[in-house]
Amino acid sequence: MNQHAAFFSLEEMVLMITLIVLSMAGIYLGALYWRQDKRLYRPVLIALGIVLAVFIAGLSKRQRLQANQAIVIYETVANFEPRANSTVHFKLSPGTKVTVIKQEEGWTKVKRLDGNLGWVPQGVMEEIETDTKNLTS
C-alpha cells in the first residue's frame, strides 16, 4: 500500500477515483438502458469497485502520512524512552524529515524514513503544513 500511495500524486489519485466512479455509473446506467443480463456487467462493476477501494485507501493513507510530517530544525538525539537520561537511539540533523507518532509530557515520538522510532524533546522540529484545500476547491 505504501508504494501505491507514493507512486501517484494526490491530483492523479483524485482524478483516478473520479474516473472510476464515472465509469461505474456509465456501465450501470448503460446496462439498465439496454437491459443487459447482470452476468455481463456485474463482474466489471465488482472489479472497478475493488480498484476504487484500493485508490481510496491509498489516498487516505497518503493524507494521514502527510498530516504528521515534520522537519528537524535543531540537531538533536532520539532516545529509546521519553526521558532526558534515556539511552540514545540515533542522531537527527537539521533538515531531516520525520513522521510524528505521538506527543507526551514535553516529548515527541518520531519515525525516521528508514522506520527507526525514537523520542525527541518538543521544540526541536517544525511541523510541515499540508495544503488540502486544493482537493476540495
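The values are calculated or read from the model by the stated rules, or taken from the named source; none is laboratory data. Fair warning: this is a prediction, and the values are worked out from it, not measured in the lab. Methodologically, a virtual Cβ is constructed for each residue, glycine included, from the backbone with ideal geometry; neighbour enumeration extends over all protein chains shown.
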Which residue, of E11, E81, E104, is under 19 Å from the mean Cα position of the chain (by Cα) and surrounded by fewer than 15 Cβ atoms within 10 Å (Cβ to Cβ)?
E11
Against the definition (under 17 Å from G123 (Cβ atoms), outside any loop (DSSP other than H, G, I, E, B) and either in contact (Cβ under 8 Å) with a residue 24 or more places away in the chain or among the basic types (K, R) (or both)), how does I20 come out, yes or no?
no
Which numbered condition trips up D114, out of (1) in a loop (DSSP other than H, G, I, E, B); (2) modelled with pLDDT of 90 or more; (3) within 25 Å of V14 (Cα to Cα)?
(3)
Kindly list the number of the only condition in (1) within 25 Å of the chain's Cα centre (by Cα); (2) farther than 30 Å from E127 by Cβ; (3) surrounded by 14 or more Cβ atoms within 10 Å (Cβ to Cβ) that fails for A47.
(3)
Only one of these is of a type in the set (G, A, S), in contact with a helix residue (DSSP H, G or I) (Cβ under 7 Å, 6 or more places away or on another chain) and more than 24 Å from F7 (Cα to Cα): A31, A84. Name it.
A31
Does S60 satisfy the condition of being without any contact (Cβ under 8 Å) to a residue 60 or more places away in the chain and assigned to a helix (DSSP H, G or I)?
yes
